[in-house]
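The values are calculated or read from the model by the stated rules, or taken from the named source; none is laboratory data. A quick note: this is a predicted structure, and the numbers were derived from the prediction, not measured. As a convention, Cβ positions derive from the backbone with ideal geometry for all residues, glycine included, and neighbour counts pool all protein chains shown. Accessible surface areas use protein heavy atoms only, side chains included; no ligands, DNA or RNA. Shrake-Rupley method; radii C 1.70, N 1.55, O 1.52, S 1.80 Å.
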Amino acid sequence: VCAQVETSPRRCWQKVLYERQPFPDNYVDQRFLEELRKNVHARQYQYWAVVFESGAVVQQLCSVCVFVVTWWYMDAGVLSPQGLFGAALASSLLGYVLFDAIDAGVGRRESGRTRWADLKSTLVFIAFTYGFSPVLKTLTESISTDTIYAMSVFMLLGHLIFFDYGANAAIVSSTLSLNMAIFASVCLASRLPRSLHAFVMVTFAMQIFALWPMLQKKLKARTPRCYVAVTVLFALAALAGLASVSSVGAVLFASLLLSISCLCPYCLIRLQQLKDNIHGPWDEAEIKEDLSRFL
């Protein structure tokens, strides 16, 4: 449809900049709103799919809970360092076998890493940590206990914030998340009675914050049903451990897990129905051509 103006009654407006036209700069014709589009890039979520994806958040919250409860047991003298180290070693061996059994060793063959290399890395880490455990024990003697606890809380919160839950976001940093968790473990281990306690605590932190998420990611990708079962069992174990320390804390933590895994997905789907993003000729231009050859 051609727009009519007094100066040029039959002239059609064209969406070009290189030609002088008898129209104001902000003029648009009747076709302007015909290009209006709504929710072009909106994603349709399914409730149980979102609940399944929330398992990564539940897993990491439970990992932090298990770590803190284990530290409390060690500090109270309920759990011996020898018992924790033996249990951690047995679970690590079981997880190592399961890690290869899930994909029948395909991932290992693709990476080219041998079991001998894994054994050497493990021995180096254990020897290094054990040798420096007296230093870790006395590292924060000049810092007050309240400050240590506050630093540990902030580091564990940062670990949860920056952890890689599978989202493609700029805030995600697996290295930063792991470093913050290990820093928190070093701070808490320095308040344990002996250097052996500090060594076992840091070793356990590496297992639960570095190795455990790797196994969970492979379970999630290869065997979703097993991943769901392990997530539920791990959450129940974390709640049972926390209940032995504080029943009120266990109730609050259970409410948090239920909110994240059940209530938040429901709210997301409900709010998604109210989404109303509009797109049209007023949007910024996007370059579709691949410009990587010019970089």
* Based on what the data block shows, is Asp164 part of a loop (DSSP other than H, G, I, E, B), closer than 28 Å to Val57 by Cα and charged (D, E, K, R)? -> yes
* To do: Those residues that are small (Gly, Ala, Ser), out of contact with any His (no Cβ under 6 Å at 6 or more places or on another chain) and surrounded by 20 or more Cβ atoms within 10 Å (Cβ to Cβ), I need them from segment 165-189; list them, please.
  => Ala184, Ser185, Ala189
* For segment 52-67, indicate whether the set of residues that are under 23 Å from the mean Cα position of the chain (by Cα), closer than 16 Å to Met214 by Cβ and among the aliphatic types (A, V, I, L, M) is non-empty. => yes
* **Complete set of residues in segment 164-213 that are among the β-branched types (Val, Ile, Thr), in contact with a helix residue (DSSP H, G or I) (Cβ under 8 Å, 6 or more places away or on another chain) and under 25 Å from Tyr96 (Cβ atoms)** => Ile182, Val186, Val200, Val202, Thr203, Ile208
* To do: Go through segment 16-37 and give me each residue that's among the basic types (Lys, Arg) and over 19 Å from Ile278 (Cβ atoms).
  => Arg20
* Asked: Can you tell me how many residues in segment 45-67 are assigned to a helix (DSSP H, G or I) and over 24 Å from Val245 (Cα atoms)?
  -> 9
* Asked: Has segment 101-114 got at least one residue that is surrounded by 13 or more Cβ atoms within 10 Å (Cβ to Cβ) and among the β-branched types (Val, Ile, Thr)?
  -> yes
* Structure fact -> Residue hits (segment 227-258; β-branched (Val, Ile, Thr) and farther than 16 Å from Ala56 by Cβ) are Val245, Val248, Val251
* Structure fact -> Note on segment 130-142: residues part of a loop (DSSP other than H, G, I, E, B), open to solvent by 60 Å² or more (accessible area, probe 1.4 Å) and under 21 Å from Asn179 (Cβ atoms) are Leu139
* To do: Using the structure shown, decide if Ala184 is under 19 Å from Trp72 (Cα atoms), of a type in the set (A, V, I, L, M) and free of Cβ contacts under 8 Å to residues at least 60 places away in the same chain.
  => yes
* Structure fact -> Among (1) over 27 Å from Tyr96 (Cα atoms); (2) open to solvent by 70 Å² or more (accessible area, probe 1.4 Å), Leu233 falls short only on (1)
